[in-house]
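The values are calculated or read from the model by the stated rules, or taken from the named source; none is laboratory data. For clarity, every value in this text was computed on a predicted model and none was experimentally measured. As a convention, Cβ positions derive from the backbone with ideal geometry for all residues, glycine included, and neighbour counts pool all protein chains shown.
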Amino acid sequence: MIAFGSSMTSPEAYERYAKPGILRAAEPDSEIYAFQAAGSIFRSYNLMLEKAAARPDLEALVLVHQDAEIIDPNFCSKLREVLRDPDVGVVGCVGATGAHSIAWWEGSVSGGSAVYRYGQLGGGDMPAVAWGGEETPREVRTGEVETLDGFMLALPSWTVRNLRFDESLGQLYGHDFDFCLQVRAAGRKVVTADLQVAHHHSLDLVLENEPWVAAHIRVAEKWDGRIPGATPENGDDDWKRRARRAEAEAALARLVVRSKELQRDAQEKELEDRLAGVTTSLSWRITEPLRRLNALQKARRSSARQAAGSPGGAAEDGR
């Protein structure tokens, strides 16, 4: 049995996005855990894990943010195919390698066909891997990674029964990165799969700066010297704390820049769509001959003015 769970801070968002997606993907025997947020997303998810762990027939628990919508009609069958590997500890849509902080998008980003769906500037979709920047390949590339974007996390039964989200880390930020590190520390794999999910989200990627910075520092302190590929730090704690805050604030600044880049791309798309809407309309096609004639007449008048203003033209007028 594959169960589904979502933590709600906005029941309206859950009803609009997560719930329809869960009902689309769920099977007749699926259990659905839709909990009003119990303090933090860490706590809410742990309550869902406890409930799901009691089911002896549990195959996996799928955790989706309230603004994430599963749009894949074959979601469960695709997930089961990935979970045939008993070493898989958590599955997501988008992830990265080489990320050493909760700013996972600063690593090498890859993933499936999940999209980032925004409502501003006329609305639209962009590949979820766009978090990784313009250099990130847009084709589907799935497989083992080091961390995931937590808008959708699928946990096999082993993970549900053996691991928990660290409730000491804050309210929201960093839950995905920390949990993936726990999975890897337990000797299990973190993988992406081509699961079609739409993450409905503002183009303003972080709305609260200080909680994000605080979570960045807490996670860095927790995994100090134990993140694979990271260089262990030396020095007194005061210097390390200041260095971590500087690192967190720099990562936040880069995130703000990336947010502006995504907004620029969305604005360009909106203008292109508006232009395409005008140039493919019936009225545009009907009036095309008139526009051609006007352009030709304008060109002739311009040529005549240039000829009249030339030295040769002035001499002929004098005769």
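Do you know which residues across segment 9-31 are surrounded by fewer than 18 Cβ atoms within 10 Å (Cβ to Cβ), of a type outside the set (Ser, Thr, Tyr) and closer than 24 Å to Arg117 by Cα?
Filtering segment 9-31 for residues surrounded by fewer than 18 Cβ atoms within 10 Å (Cβ to Cβ) gives 9-13, 15-16, 20, 23-24, 27-31.
Going one step further and asking which of them are of a type outside the set (Ser, Thr, Tyr), we end up with 11-13, 15-16, 20, 23-24, 27-29, 31.
Answer for segment 9-31, where residues must be surrounded by fewer than 18 Cβ atoms within 10 Å (Cβ to Cβ), of a type outside the set (Ser, Thr, Tyr) and closer than 24 Å to Arg117 by Cα: Pro11, Glu12, Ala13, Glu15, Arg16, Pro20, Leu23, Arg24.
So in segment 168-217, with the set limited to residues that are polar (S, T, N, Q) and either assigned to a helix (DSSP H, G or I) or modelled with pLDDT of 95 or more (or both), which one is surrounded by the fewest Cβ atoms within 10 Å (Cβ to Cβ)?
Filtering segment 168-217 down to residues polar (S, T, N, Q) leaves 168, 171, 182, 192, 196, 202, 209.
Within this subset, residues satisfying the condition of being either assigned to a helix (DSSP H, G or I) or modelled with pLDDT of 95 or more (or both) are 168, 182, 192, 196, 209.
Details: Ser168: 10, Gln182: 20, Thr192: 26, Gln196: 19, Asn209: 14.
The extreme case among them is Ser168.
Restricting attention to segment 218-245, which residues are surrounded by 15 or more Cβ atoms within 10 Å (Cβ to Cβ), at pLDDT 80 or above and either assigned to a loop (DSSP other than H, G, I, E, B) or in contact with a Leu (Cβ under 8 Å, 6 or more places away or on another chain) (or both)?
Arg218, Val219, Lys222, Trp223
Right, Glu27: part of a loop (DSSP other than H, G, I, E, B) and acidic (Asp, Glu) or not? Step through it out loud before you land on a result.
Details: part of a loop (DSSP other than H, G, I, E, B): yes; acidic (Asp, Glu): yes.
Yes, satisfied.
Conditions: (1) surrounded by fewer than 20 Cβ atoms within 10 Å (Cβ to Cβ); (2) in contact with a Lys or Arg (Cβ under 6 Å, 6 or more places away or on another chain). Val140 meets all but one. Number of the miss?
Looking at each condition in turn, Val140 falls short on (2).
Take Asp85 and decide whether it is charged (D, E, K, R) and in contact (Cβ under 8 Å) with a residue 40 or more places away in the chain.
Values: charged (D, E, K, R): yes; in contact (Cβ under 8 Å) with a residue 40 or more places away in the chain: yes.
So Asp85 fits the description; yes.
Given the options Ala13, Ala3, Ala26, Ala38, name the one that is within 21 Å of Ala198 (Cα to Cα) and either touching a Ser or Thr at 6+ places or on another chain (Cβ under 8 Å) or without any contact (Cβ under 8 Å) to a residue 12 or more places away in the chain (or both). If you could, list the steps in order and put the result at the bottom.
Details: Ala13 fails: either touching a Ser or Thr at 6+ places or on another chain (Cβ under 8 Å) or without any contact (Cβ under 8 Å) to a residue 12 or more places away in the chain (or both); Ala26 fails: either touching a Ser or Thr at 6+ places or on another chain (Cβ under 8 Å) or without any contact (Cβ under 8 Å) to a residue 12 or more places away in the chain (or both); Ala38 fails: within 21 Å of Ala198 (Cα to Cα).
The unique qualifying residue is Ala3.
Residue by residue, here is whether (1) of a type in the set (Ser, Thr, Tyr); (2) modelled with pLDDT under 90; (3) under 22 Å from Ile2 (Cβ atoms) holds:
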| site | (1), (2), (3) |
| --- | --- |
| Pro73 | no, no, yes |
| Val82 | no, no, yes |
| Gly95 | no, no, yes |
| Ser108 | yes, no, no |
| Gly112 | no, no, yes |
| Gly133 | no, yes, no |
| Gly150 | no, no, yes |
| Pro156 | no, no, yes |
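Determine, yes or no, whether Val94 is touching an Asp or Glu at 6+ places or on another chain (Cβ under 8 Å), surrounded by 22 or more Cβ atoms within 10 Å (Cβ to Cβ) and of a type in the set (Val, Ile, Thr).
Numbers: touching an Asp or Glu at 6+ places or on another chain (Cβ under 8 Å): yes; surrounded by 22 or more Cβ atoms within 10 Å (Cβ to Cβ): yes; of a type in the set (Val, Ile, Thr): yes.
Yes.
Could you tell me whether any residue of segment 64-75 is in contact with a helix residue (DSSP H, G or I) (Cβ under 8 Å, 6 or more places away or on another chain), surrounded by fewer than 19 Cβ atoms within 10 Å (Cβ to Cβ) and over 30 Å from Asp224 (Cα atoms)?
Step one: list which residues in segment 64-75 are in contact with a helix residue (DSSP H, G or I) (Cβ under 8 Å, 6 or more places away or on another chain), which gives 64-73, 75.
Still in the list and also surrounded by fewer than 19 Cβ atoms within 10 Å (Cβ to Cβ): 71, 73.
Then keep just the ones that are over 30 Å from Asp224 (Cα atoms); that gives 71, 73.
The answer is yes; a qualifying residue exists.
Could you please tell me which pairs satisfy a Cβ distance under 7 Å, a separation of 6+ or placement on different chains, a first residue in segment 125-148 that is without any contact (Cβ under 8 Å) to a residue 24 or more places away in the chain, and a second residue that is of a type in the set (Val, Ile, Thr) and surrounded by 14 or more Cβ atoms within 10 Å (Cβ to Cβ)?
Short answer, once both residue conditions are applied: Pro127/Val115; Arg138/Val129.
Could you list all residues from segment 48-76 that are over 20 Å from Gly89 (Cβ atoms) and part of a helix (DSSP H, G or I)?
Residues satisfying the conditions do not exist here.
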